[in-house]
Every structure is written in C-alpha cells, then in structure tokens.
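**Student:** Mind looking over this structure? Questions follow.
Only the coordinates and a few stated rules stand behind these numbers; no lab work does. Every value quoted in this text rests on a predicted model; they were computed, and no experiment measured them. So basically every Cβ, Gly included, is an ideal-geometry build from the backbone, and we count neighbours across all protein chains shown.
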2 protein chains.
Amino acid sequence: MEAARENEVLHVGDLEIRPDEGLAMAGDRVLVLSVREFGLLVALARRAGRIVRREDLYALVWGSSLRQGDRSIDVYVHKLRTKLEDAMPEWKFIHTHVGFGYRLTPELSQAFHTRTTSP
Amino acid sequence: MEAARENEVLHVGDLEIRPDEGLAMAGDRVLVLSVREFGLLVALARRAGRIVRREDLYALVWGSSLRQGDRSIDVYVHKLRTKLEDAMPEWKFIHTHVGFGYRLTPELSQAFHTRTTSP
DNA sequence: ACGGCTCTTTCACAGCCGGTTCACGGCTCG
DNA sequence: CGAGCCGTGAACCGGCTGTGAAAGAGCCGT
C-alpha cells in the first residue's frame, strides 16, 4: 500500500481528491465511496493520464499480489464508473486498455444520443 | 483536546457555535448539549465539510487514543443527531462515511428531494 | 454523608453496508 | 469457432454502524 503524502490534493478534471481524508469531490459535490473504491480512485488519480496495470492497482489498493482469476478490480472499476457517471454524466474518466490496464483521464462522453430506453 | 480560539464563532448552515462559551444555537434556538455532545459538535464543526476519522474525533474530544471496540463515538453521534434533528428536522448534518469517519455538512433531508434517477 | 439527578460508558441486538465471489454474456482477436 | 478478456448483476457473509437500555460515575443541593 502506498503512503499518503501530507495534505496531498489530487485534481483530475473536476475531481478533487484528498487521500489523507478519504474525501473525494465531483465539483462541489461529495462522492460517497467505500474504502476500496476510494483507494482505487486514488491509485488511478496519482497516475492520471497513464495506463496502470492490474497487478499494480491490486498491489497499491489491496496490498498484495493479484491472484490468477481474481476479478475484484473489474468489479470495483465498474462501481467507480457508476458513481462517477452519476455525479458527472458528461465525462468519462476510466478508460480500459484491453490487455494492459486502466487509465484515468477526463474525456467528454460522446454518448448523448438515443437515451430513450433499451429493448 | 484542542484549545479554543479566542472568541471563536463557528457557522455551519443555521448552526452557530461558540466553543469558548459552550454555546450552540440552531437558528435562534439554544441547543442543550452535554459536555461530550458539545465537544463532538465543535470538533466536527471545525472541520466542516471534511471527513474526520474516529481516532481523530476521540483524540480531540476525549483527549486520549481510541481503544479497540470503544463505541462511545457512535453513541454520541447518535445523541447529537437526535438533538440536531429535533431542532432542524429538514436538515441532515452528520454524514457517515463507512470505514473513514464522520462529516459535518448541512444537507437537505432526503425526504425533500425528488427521485429522478434509477431505472 | 445522603439521595437523587444527569452524564458517560458499556452492553446487546438488529440492520445495513461493503468486499468477495460466482455466473452469465458480450466482445476481440487469432 | 474457440479462447481469453472484460462488463455487469446478484448472492453470500462478515464486519461496521445504529440504537435502545442497563450499568457505572460524577455532581449537586440539602
């Protein structure tokens, strides 16, 4: 696990993250995150714009080495995406790089069409 | 325990707190609080909007380090919540962040919001 | 010192939340 | 088409938190 810098404040787009307080805000709204969700967000934010491998994410957040077949990261990336999208629908933050890992970067969503329910 | 600033007056929403006088008011109504309740409110108010860890709260209000299994904080958070809700039912002040701590922020009670999400 | 009160701490139980795992399905690439 | 990778909803279960009540401690006036 990575130690928290003193009074560290991370900014990624309109996200503001204070690792030592366990606090993350989307604009002026407080995000309600679990411990794992928050750890994942911090790990990604400290490497914003760069791809972070799953093994590295797991080591940073879970504090041990990723076991074969463990899907925890996928699940928590999904949970984080959901909460980030709820707070800021027009932005997409977590990008998948198949076979490599995940990358945190604020990008405008292209999807604002055909929001009229699905079959 | 944290020393009181000279003539310090804290404002959180319609709450007004004077630490050096032991006085807390909800609008124009005086809150009747015990020593512990008041200390807890002051500690939270001085960090309003940010998450305060249980260990920090205990150190600030009780003046010693939180022992494993001590539930005092939970009990007094509950007592404070009850009195604050009695005084200002439409506002929710103390928010729980599971695994992190508590955060003091005035937010309108959920009952006054209209659900516009969830499929 | 005594009795009664309030405040604080502890206890017990219940409910909820979050972490993990499973299962299914879509997608990509060879 | 087959294998691997990823998205996603849901079940399981342990731990954390909410809450009412009992037990213990301190305070106060008489």
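**Student:** Using r as the Cβ-Cβ distance of B:Arg5 and B:Arg29, and R0 as 30 Å, what FRET efficiency do you calculate, to the nearest 0.05?
**Tutor:** Working: r = 24 Å, r/R0 = 0.81.
So the FRET efficiency works out to roughly 0.80.
**Student:** Can you list the lysines whose alpha carbon is less than 29 Å from that of B:Lys83, not counting same-chain residues fewer than 8 positions off?
**Tutor:** Excluding near neighbours in sequence, the set is B:Lys92.
**Student:** Work out the length of the dipole vector of the stretch B:1-111 about its Cα centre, built from +1 on the beta-carbon of each Lys and Arg and -1 on the beta-carbon of each Asp and Glu, and round it to the nearest 20 debye.
**Tutor:** Details: 16 positive and 17 negative charges, 91 e Å.
For the stretch B:1-111, the charge dipole is close to 440 debye.
**Student:** Put a label point 7 Å from Cα along the Cβ direction on B:Thr96, then list its distances to the equivalent points in the other copies in nm, shortest first.
**Tutor:** So the label point of B:Thr96 gives 3.4 nm to the other copies.
**Student:** While we're looking at this one, here's another question. Extending each Cα 7 Å along its Cβ direction at A:Asp20 and A:Asp70, get the distance between those two points in nm, one decimal.
**Tutor:** 2.8
**Student:** If you don't mind, another one. Dividing the alpha-carbon radius of gyration of the protein assembly as shown by 2.2 N^0.38 Å (N being the number of residues), what value is obtained? List each step's numbers first, then the result.
**Tutor:** Details: Rg = 20.7 Å, N = 238, 2.2 N^0.38 = 17.6 Å.
That ratio works out to 1.18.
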